[in-house]
Amino acid sequence: MSLLRRTVFPLFFSLCLIFFVVTPWGVRSLPACDELPYVTDGDYFTIGSAQDWNSFRCWVNAGDPIISHATVKLTADVDLSTDPNPVSVGTSPNPFSGILDGQGYKITGLTVSNLAFNGGDYDGYAVVAAGLFGSLSEASISNLVIESPVVTIDVSTDVGSENFNRITMIGVLAGAAEYSDFENVSVQTPQMTITNDGEYIISSINIMKVGALIGYVRSSSFDGIDIEGMDIDLDITSNGEGILFVYAGGLTGNLSNNAEGDLIPNYVQRSNLSGSISFNPESTDGDWVMLGGLAGHARAVVIDQLSVTELSITANSENNNTAVGGLIGSVESDWNEVTFDRVSVDAELSGSQFIGGFVGHAEGSQLVITRSFADIDLFGTYALGGFLGYGNYTLLTVDQSYTLGTIQGNNTLGGFFGGEVLALSLTDSFSRVNIQSLEPDVAVYVGGLGGIVTNPGGYVLNRLYYAGVIQSELLERPAVDPLFGYLEMVSNPDWLEGEMVPMQVGPNPPFDVFFDSDLSPDISDHGTGMSKEEMKTLGTFTEGIGDNSDDWFDFELIWLLNESINDGYPMLDAFVVKVSFEVGDGPAFDDQYLMNGAPIDFGDYHREGYVLAWFYDEAFTEPFDPEAPITKDLVLYAQWTQELPPTGDAMQPTFWILGIGLLGLLISRKKGH
């Protein structure tokens with residue numbers, strides 16, 4: 001018995017320790033992973049090194065129920081450049097569902113190059129993912145910076161799945177995320193190169209979702225996201241033996257929503273995106289390519305206070321199934337609203353067709369754009385629009401918004417939309433987009449505000465204007481108009497149950513829709529042409545409309561007319577801030593009106609003999625920050641400090657005078673003695 005106690009029992013106990021361990025957070029299985037530092041008082045784990053990150057990944061991927069749902073905090077910058085095992089954290093069966101608080105620290109040296117079977121299948125598709133995280137579910141990621149990550153993936157890699165159909169999800173932060181929250185996350189200068197150079201034959205149906213943050217997103221929220229200087233290069237060619245879908249965007253490839261139960265949309269707010277996306281090779285006619293500054297494809301999403309700057313998207317494909325959007329390539333919302341409020345896009349977009357400053361192509365959707373603008377250069381052939389390229393069975397609402405820039409194409413072009421929206425509401429908005437044709441002899445359905453609307457459900461067109469240049473050769477073509485290329489009569493005025501009032505078009509155009517006839521010399525069935533001088537005169541938009549002031553442009557709350565902004569044309573007040581100056585005893589300084597975050601022009605303002613400093617408050621306790629964006633009306637206070645007496649050569653005469661005076665004083669004292 002003593003031999004049994006000395007050998008068998010200790011051996012059995014040791015084997016038990018391999019699988020179970022008692023820890024401060026309970027009893028759990030113990031795979032071959034190093035322990036993570038644990039803060040008992042705060043009930044959270046910490047990561048302060050690449051070794052800690054490797055341990056964290058080991059526990060999550062092993063399906064540990066504690067760490068997979070725990071709160072984890074970074075306590076230092078983490079350099080992953082020497083990571084011996086650069087695979088993703090979390091898989092489809094074992095996602096990370098806890099809280100990661102970066103506490104403002106950085107992850108550097110991140111390289112994502114391993115494409116792995118994510119351990120899951122979806123409706124006959126093998127699920128493949130790559131990123132810092134592979135899969136997130138009901139997780140929270142906050143206060144994290146990922147600096148200069150490099151993602152290089154060959155999607156033709158054989159991952160060992162028996163399924164020929166594949167869903168590939170690739171992102172810097174995560175391959176996939178559902179029902180998760182992201183706050184104050186920054187990805188700086190990410191470089192992503194996606195290829196299919198290997199010999200593995202592309203599957204029957206291959207769906208690729210690529211994002212500079214996350215590849216695939218479902219019903220999640222994003223607040224304070226900053227994607228700076230992204231470079232996404234999609235060098236993917238279909239082999240013609242299957243169907244290829246490519247969804248790529250600055251935030252994510254695909255913004256989806258929950259498939260069952262109550263609708264849970266995605267929310268994106270207070271975020272910034274910049275950089276480039278390019279799809280290089282030609283694909284087959286059966287393939288789809290959807291590229292967007294925010295997302296390649298989206299369903300239900302609410303976007304508030306998003307800025308897209310210096311964006312460039314190029315779809316180098318002759319494929320007719322491409323869609324390019326400054327925000328979203330393609331929207332299919334199942335009649336749910338996709339809303340854009342206080343959104344700005346500054347972008348150059350090119351492709352073959354379906355190109356829009358906000359959305360390239362929409363299907364069965366309601367797009368609502370308010371207090372937003374697009375400054376765009378679009379290049380393509382068919383269905384190009386300042387906000388929307390093409391909308392099939394789509395309701396488009398634009399209010400207090402505008403578009404600038406240039407559109408170059410042939411067919412179905414417009415300052416707000418290219419074509420085929422089902423119902424239309426445009427109010428208190430304008431376009432100054434210049435429209436050119438690549439082949440004027442064949443161009444058709446071109447308008448300063450919209451290209452073509454057929455079989456409409458209803459219109460609302462109030463307080464609009466167009467002040468751009470439509471190529472003169474185009475104005476000689478049929479279905480080309482300074483306002484709308486073709487606007488069909490309302491065929492079903494009760495379709496929206498009174499939500500939109502059908503507008504009579506033809507011989508009786510609305511009196512509050514205008515265009516600059518000096519820039520686009522033509523007549524329109526859909527509005528009134530005015531000279532440039534008249535377009536810059538207040539009376540045109542008030543008394544000129546009629547005696548009923550309810551029909552006038554509202555220059556108290558909505559519109560602003562000032563010769564120093566928008567080249568003297570009416571401007572929307574929501575995009576203008578007024579800066580006033582309290583200068584005390586200094587010279588007078590006129591108020592300034594600034595558009596879209598433009599800097600203050602201080603010129604050569606000064607006061608002789610004084611040093612000037614500007615402050616936000618009258619007590620001179622909050623110095624003015626010239627780098628801070630100006631988003632609301634502002635008063636600046638001038639503090640004048642008298643200059644010190646000059647020094648150097650300019651002081652020499654003064655020193656001579658003082659020296660002679662002192663010498664005389666000494667002589668007089670000696671005589672006195």
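Given R₀ = 51 Å, what would the calculated FRET efficiency be for Asp34 paired with Glu563, taking r from the Cβ atoms and rounding to 0.05?
Values: r = 69 Å, r/R0 = 1.35.
My answer for the efficiency is 0.15.
Rounded to the nearest 0.05, what FRET efficiency is calculated for Asp41 and Met595 with R0 set to 56 Å and r the Cβ-Cβ distance? Write down the numbers at each step before the final one.
Working: r = 52 Å, r/R0 = 0.92.
After rounding, the FRET efficiency stands at 0.60.
Please find the FRET efficiency linking Phe615 to Asp554, where r is the Cβ-Cβ separation and R0 is fixed at 45 Å, and quote it to the nearest 0.05. Numbers along the way, then the final one.
Values: r = 34 Å, r/R0 = 0.76.
The calculated FRET efficiency here is 0.85.
What ranking of Phe511, Phe182, Phe379 comes out by heavy-atom accessible area, probe 1.4 Å, highest first? All intermediate terms of the calculation are to be shown ahead of the outcome.
Values: Phe511 150, Phe182 5, Phe379 95 Å².
Reading off the accessible areas and sorting them downward yields Phe511, Phe379, Phe182.
So if each residue of separation counts as 0.36 nm, and I subtract the Cα-Cα distance between Glu488 and Glu533, what length gain in nm does that give? Could you put the intermediate results ahead of the total?
On the way: separation 45, 0.36 × 45 = 16.20 nm, distance 3.14 nm.
Additional length available on full extension: 13.1 nm.
Report the accessible area of Trp640, computed with a 1.4 Å probe over the heavy atoms of all protein chains in place, in Å² rounded to the nearest 10.
Its heavy atoms expose roughly 50 Å² to the probe.
Using a 7 Å offset from Cα along Cα-Cβ at Glu473, what residues in the range 411-430 end up with backbone N under 18 Å from the label point?
Residues 411-413 qualify, since their backbone N sits under 18 Å from the label point.
So how many Å³ per residue does the convex hull of the Cα atoms of the range 318-453 work out to? Intermediate results must be reported in sequence, preceding the final value.
Working: hull volume 10.6 nm³, N = 136.
That works out to 78 Å³ per residue.
Between Ser81 and Ser49, with labels modelled 7 Å along Cα→Cβ, what's the label distance in nm to one decimal, could you check?
The two pseudo-label positions are separated by 1.8 nm.
Mind jotting down the distance between the C-alpha centroids of the range 64-117 and the range 408-459, whole Å?
Distance between centres, Cα-based: 47 Å.
With a 1.4 Å probe and all protein chains left in place, how much accessible area per residue does the range 312-415 have, in Å²?
Details: 2660 Å² over 104 residues.
Dividing the accessible area of the range 312-415 by its residue count gives 26 Å².
Please list Tyr569, Tyr637, Tyr105 in order of solvent-accessible area, largest first, computed with a 1.4 Å probe with all protein chains present.
Details: Tyr569 5, Tyr637 55, Tyr105 80 Å².
From most exposed to least exposed: Tyr105, Tyr637, Tyr569.
Using only protein heavy atoms and a 1.4 Å probe, report how much of Val611 is accessible, in Å² to the nearest 10.
80 Å²
If you count only protein heavy atoms and use a 1.4 Å probe, how large is the accessible surface of Val635, to the nearest 10 Å²?
Taking all protein chains as shown, Val635 has close to 50 Å².
Could you sort Ile523, Ile194 by accessible area so the largest value comes first, with the probe set to 1.4 Å?
Working: Ile523 140, Ile194 0 Å².
Order by accessible area, largest first: Ile523, Ile194.
Amide H of Val78 versus every other amide H placed in the peptide plane: which residues, excluding those fewer than 5 positions away on the same chain, fall under 5 Å?
Lys106, Ile107, Thr108
The values are calculated or read from the model by the stated rules, or taken from the named source; none is laboratory data. From a predicted model like this one, the values you see are computed outputs, not experimental measurements. All Cβ positions, even for glycine, are placed from backbone atoms using ideal geometry, and neighbour counts span all protein chains on display. SASA here: full protein model, heavy atoms, side chains in, ligands and nucleic acids out. Shrake-Rupley method; radii C 1.70, N 1.55, O 1.52, S 1.80 Å.
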